[in-house]
1. Would you please name the residue that is surrounded by the most Cβ atoms within 10 Å (Cβ to Cβ), looking only at residues in segment B:154-178 that are within 14 Å of another protein chain (Cβ to nearest Cβ) and at pLDDT 90 or above?
2. Conditions first: (1) buried (at least 17 other Cβ atoms within 10 Å of the Cβ); (2) modelled with pLDDT under 90; (3) not aromatic (Phe, Trp, Tyr). B:Gly58 passes all but one, so which condition is the exception?
3. Kindly state which strands (runs of 3 or more DSSP E) lie completely within segment A:14-132 and contain at least 3 residues that are farther than 23 Å from B:Asp84 by Cβ and of a type in the set (A, V, I, L, M, F, W, C).
4. State the number of residues belonging to segment B:62-81 that are surrounded by fewer than 22 Cβ atoms within 10 Å (Cβ to Cβ) and of a type in the set (Phe, Trp, Tyr).
5. For segment A:52-77, what are the residues that are hydroxyl-bearing (Ser, Thr, Tyr) and surrounded by 15 or more Cβ atoms within 10 Å (Cβ to Cβ)?
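The values are calculated or read from the model by the stated rules, or taken from the named source; none is laboratory data. The structure presented is a predicted model; accordingly, all values stated were derived computationally and were not measured. Neighbour counts are summed over all protein chains in view; Cβ atoms, including those assigned to glycine, are modelled from backbone coordinates with ideal geometry.
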Amino acid sequence: MTNLRTRAITNLKKQNTKNWSTPVIYQDPDGIIYNIDNETGNELRTLQTLYDRRVENPDTGEPMTVHEPVIVQARSSLSRIPAPGEKWSIKFPLDPMDETVLSNYVFTPDRSIEGGSSLGFFRIYPIKLVQS
Amino acid sequence: MMKFRTIKESVKTLFSNSAAGRYTVAGSQKQTKSAEEVIDNNRLIQVYYSRGSFPKSGGSPRGPNDHEITIKIGFTVSKAASGDIATLNNPNATALQIQTAIANIANASDLADASIDELFDIAYQIIMDARNIDLGLAEGIVSSRWITDIQKDDPLPRGELLVITGSCNLTLKTSEDVTGETPVAATAIDTDFSIEDDLGDNAGVIVNPTDP
């Protein structure tokens, strides 16, 4: 029998994968591709993909909405967790209504990865990648 | 119109004329700039009148008065990361090829930093160019133009892009005429005068000594 903590992590993944997730593909610094969920063997999906965020305009104090993709990923979905200083490639749909077209982004978890292991997820802030 | 407004427009025109697609110019202080807006426009230069002082020793109650001007030149650069997307999207790419492509991705922060340094370089060379000593205006309107300092701010991750801002202060001096907010037409004073004993009004006229 699992304890409540374990069940909370499992429920968090199930609920959010169903409601707010999008497909995602990672490429780690060693060139390994992650497109299959390490736990379930299904297509790899995010827990949440958020596209826009409300922030406070630093000049006027007014609330405004900015385009800032944020990816929340279940730790159990990946066999390798990004470490600070590592550079990873990530692809996810730019348009949540069209999951077939994935856009290229990159991230380096310079700051500590958000989301404690106690809840089984981490959060990343990808930067847009353009062709050099 | 006071001269500082003309001077600001002239500085803006100098930057616009030299842009050649490398940046865009705004003649006002924009409160917020979307990162997407900046990246689409490559780089942004803003020119605005920031500060002015009128030393009392440099003027008189009726003018003209010396005006020591500080024009702020703001810089904004926004960059995405840059890399070999073709390899990253190639389903036949080997792990080694992907590894190399990821290792060679240029960080947005490095690209933005280099880009704003280049923008500082361009702006300084335009303003301090000896040919622009009058900032594009007629000689004698502007004097002592000088860039006193340049400052670069911390990079800001804004959305999916990275933004770096900076600024420099351009100081110069001009002389402002005081015409009044609603100028008044000057009253003409008739300075003609007649001398009673000089009926022919000949006073001051050169007289030919050979005349009888």
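1. B:Ile164
2. The failed condition is (1).
3. A:63-74
4. The total comes to 0.
5. A:Ser76, A:Ser77
Residues checked against (1) at positive phi; (2) in contact with a helix residue (DSSP H, G or I) (Cβ under 9 Å, 6 or more places away or on another chain); (3) at the interface with another protein chain (Cβ under 9 Å from one of its Cβ atoms); (4) surrounded by fewer than 15 Cβ atoms within 10 Å (Cβ to Cβ):
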residue	(1), (2), (3), (4)
B:Val47	no, yes, no, no
B:Ser50	no, no, no, no
B:Gly83	no, yes, yes, no
B:Asn90	no, yes, no, yes
B:Gln97	no, yes, yes, no
B:Asn104	no, no, yes, yes
